[in-house]
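Engineer: Pasting a structure below so you can have a look.
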Amino acid sequence: MIVFYRVTPASVVFFRDPRPFIAGEHNLARLQFPPRVTPFLGALRTKFLELKAKDEGKNVSELVKDKEIDEQLKSISICWFSMLKDDEPLLPMPVDAFVTWKELPPARFVTSGENFSKAPLLVSKTQEEIKKSASYLTLEGFRKYQSGLRPSKSDFLSIEDLWKFENRVGLTLTPEAKTSERSKFYRITVARPKRGVGFLVGIEVEDKFWPKIPASFTTRLGGEGHIAVWERVDDFAKAEPKDIRFKELVALSHIPIKKVNSSKEIKISNWCIGKLDILGGWDYKNQRPKPLVKALAPGASVVAQGYTSAYEIKFNGFGFQVLKDYLFSIEGDKPFLAKFSPELGEPNSLFIVKN
């Protein structure tokens, strides 16, 4: 079963990046925005545990000890993740819309066969101006991008159009220092959604595991214990699996970079990746942080031809094809996409087909 939820923070949200932070030892906790998929997946799985515990008349601590719970939690995954404004999904600005592929440093540009060159769609502003003023595209704007046309001015939205960022100061009290004079301060940055702004999350679950999917519920989301409201939307979003061929992909979420040996590989002939982010996670079994990994940021573009199973997702007449759970890997100087099964604490990765 695939269902979509509108996720609206009740006040603010804080998604800390995975770099180590201990209040009192460090004075700055950095915000990672746009967020990873992981906090949303963790919130869903926690809700699943709460519902299942209630359904079986157990407490959550008893349920977690069940050996079958791992597979049941893994059955919950995310097949769509985007910003949402006034019930319209917003897609990350593709990097190759404003960066000429040949302008990337040699270490981050790969080509094979004939010389491959593409001119950016947006050339009236500098790259920095575009990055600041156009972080997201409307559905109509992304459709134009897919067709090789320049999106209209009204198709662009910046991150400042959607969120307000506020600095907060925290105080660390310890047994040795219980007064503010002896304690240490630390600073965080939280994101407050503007009117009508939130997230759209498409989740896939196995009916036999999920007790009952509620139409609306609340969860804690991100750090600092902030609350978000989840509301099911059935009127404008639909999805179904299908097999497709593709030539070019745009990252809808963060795409992990790992060295893997996989028989299901898709060779990349060109890439335009913009910046890299760092991802982290929590090792559910060993109760410790997972090793940090680099990842392509949303909007990264790759040229790769393949045939695979995908999701056909439609929003009010706009159709998109989405690939799930591919990571980015390099063998020597040859990059490729490899199919993988995320462990608990790892995010689903999502590519949207351009062609």
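Derivation of every value follows stated rules applied to the coordinates shown; laboratory data play no part. Owing to the predicted nature of the structure, the values given are computational and were not obtained by experimental measurement. Here Cβ is always computed from backbone atoms with ideal geometry, including for glycine, and neighbour counts include all displayed protein chains.
Engineer: What nm distance separates the two modelled labels at Thr218 and Ser75, each placed 7 Å from Cα along Cα→Cβ?
Structural biologist: Simple spin-label model gives 2.9 nm for this pair.
Engineer: Tell me, what is the Rg over Rh of segment 280-332, with Rh the Kirkwood radius over Cα pairs?
Structural biologist: On the way: Rg = 16.0 Å, Rh = 14.8 Å.
Ratio value, two decimals: 1.08.
Engineer: Quick one: net charge of Phe81's neighbours, Cβ under 11 Å, K/R +1, D/E -1?
Structural biologist: +2
Engineer: Which of Asp277, Asp235, Asp70 comes first, and how do the rest follow, when ranked by fewest Cβ neighbours within 10 Å?
Structural biologist: Neighbour counts put them in this order, fewest first: Asp235, Asp70, Asp277.
Engineer: Taking neighbour Cβ counts within 10 Å as the exposure measure, how do Trp271, Trp163 sort from fewest upward?
Structural biologist: Starting with the residue having the fewest Cβ neighbours, the order is Trp163, Trp271.
Engineer: Can you put Thr189, Thr218, Thr38 in order, fewest other beta carbons within 10 Å first?
Structural biologist: If I rank by nearby Cβ atoms, fewest first, I get Thr218, Thr189, Thr38.
Engineer: Put +1 on the Cβ of every Lys and Arg and -1 on every Asp and Glu Cβ in segment 199-301; which of Ile278, His226, Ser253 then has its Cα farthest towards the positive end of the dipole?
Structural biologist: Farthest towards the positive end: Ile278.
Engineer: On a 27 Å Cα-Cα criterion, which of the cross-link pairs Lys208/Lys339; Lys67/Lys314; Lys47/Lys85; Lys294/Lys334; Lys52/Lys259; Lys52/Lys85 come out too long?
Structural biologist: Violating the 27 Å limit, Cα to Cα: Lys67/Lys314; Lys52/Lys259; Lys52/Lys85.
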